[in-house]
1. Going highest first, how would you order 277-285, 316-324 by mean Cβ packing within 10 Å?
2. Once the piece of chain linking A338 and S219 is laid out straight, how much longer is it, given 0.36 nm per residue of separation minus the C-alpha distance between them?
3. How many nm separate the modelled label positions at K270 and I245, each set 7 Å beyond the Cα in the direction of the Cβ?
4. Which residues in region 305-342 have a backbone N closer than 16 Å to a point placed 7 Å from the Cα of T297 along the Cα-to-Cβ line?
5. How much length, in nm to one decimal, is gained on full extension between Q127 and T305, taken as 0.36 nm per residue of separation minus their Cα-Cα distance?
6. What is the P(r) of region 138-200, as percent of Cα-Cα pairs per 10 Å bin from 0?
7. Equivalent ellipsoid semi-axes for region 57-121, as square roots of 5 times the alpha carbon gyration tensor eigenvalues: give them largest first, rounded to whole Å.
8. Which length gain, in nm to one decimal place, applies between D145 and R231 when the Cα-Cα distance is subtracted from 0.36 nm times their residue separation?
Amino acid sequence: MADPTAPSTMPAPATNGTFPAEDAAGQTVAAIAEADKISADEIALYDRQIRLWGVQAQEKIRTANILLVSIKALADEIAKNLVLAGIGSITLADHEVVTEEDLGAQFFVSEADIGKNRAEAAAPQVQKLNPRVKVNVIPRDVRNDPDTSFYASYDIIIATDLDFMSLSALNSGARIAQKPFYAGASHGMYGYIFADLVDHSFVIERERSNKATQVGPESTTRRVTGIQTKRENSKVIEMVTKQEIYSPLLLIKDSPLPPEIGNNPRRLRKVHPLLSLVRALWEYQRDGHGIYPTIQTQDLIKFTTIASEKHKELMLPPDTLKAEHLRSFIQNLGSELAPVTAFLGGQLAQDVINVLGHREQPIQNLMLFDGEESAGPVYALHPIFPGTPLPIITGIPSLNAPIMVV
């Protein structure tokens, strides 16, 4: 991430007034200086990140228009990272007002903002981070916008800390417009990032190995579509173009684990129980039970029953979902912790930057975070593909009873 206050590390011009042919990273700095659309002061300001991901990627970043829905602690971190990176514009959408609870981990609002619209209160502080970025505000509920062209004006849609049905509605609107969609949430020590990029191509740069890269399928969702090479000093670098397909949130809620995990008992035991718990929360919300289960016995029974079913659905060993997992997850629901939102916000923003620049492999498609274990597993969840095992419910009778939280 660029620091707007840091001094530039742009190399000094040579005696003839031109830039050196290459910088330390091997990038042609002259090409940067000759860019038609990026001004010299922008090159100086974003110099370090231009050296990291290139002038073409920076040009895509500086023209990107991002929609960020629901402005809470996680959204604050995402906005901060994207604005400092120099995106073109960001639109903050939120119909809720600032409450006292928002003052804990949300750094764009203060006590003086209580009662004000959350997006309108945060916008001036977001703008101060980078005056070059255009900051817009939508103080209304956009979750079910009837205008199908609403999403078309944005390059990427991001929604945070919303219930499953709201996220699914936003995901559907983004899909209709063929726009990448991200969802994220933080729950105390836990959280997740979901990505639906519809159909995304990206380039991986790496040193060529002895084993030749082949054009063709690489996994059930990814294929290599092209290979180019270049020489850097004594190394041959290959630029591999890959295409990845994604699934919407509505489908991954019930999708199985990929065959490479589902067919491997050892790997099944290592699947993080947070996967079952997050999907159980989505099911709980989809069924209309509320946003979060309360500590009332009826709610706890309902949620633990759903969690047991979701664990069974993934064909996971019954003893890998314990009562303490459920208890800790429920106790953390709805709370915001700054270190967790900072980590998730940084990860999501970096993925957005990579997607805009069509570089590096993005999240495919659900990343979980357990702050207690410092674990961040990623699971590719999609509708059934050839080779995906089907659950045999009668084979695991011990899962028929819910796991009770005491």
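1. Details: 277-285: 23.3, 316-324: 15.8.
Averaged packing, sorted descending, gives the order 277-285, 316-324.
2. Net length gain for the segment: 39.2 nm.
3. Going from the K270 label point to the I245 one covers 2.8 nm.
4. Only 305 fall inside the zone, counting backbone N under 16 Å.
5. Contour length minus Cα-Cα distance gives 59.5 nm.
6. P(r) over region 138-200, rounded to whole percents: 22, 54, 22, 3.
7. Value: 25, 11, 8 Å, ordered largest first.
8. 26.0 nm
The values are calculated or read from the model by the stated rules, or taken from the named source; none is laboratory data. Keep in mind it's a predicted model, so treat the numbers as computed, not measured. FYI the Cβ positions are ideal-geometry reconstructions off the backbone, even for glycines, and counts take in every protein chain you see. Surface accessibility is based on the protein's heavy atoms, side chains included, excluding ligands, DNA and RNA. Shrake-Rupley method; radii C 1.70, N 1.55, O 1.52, S 1.80 Å.
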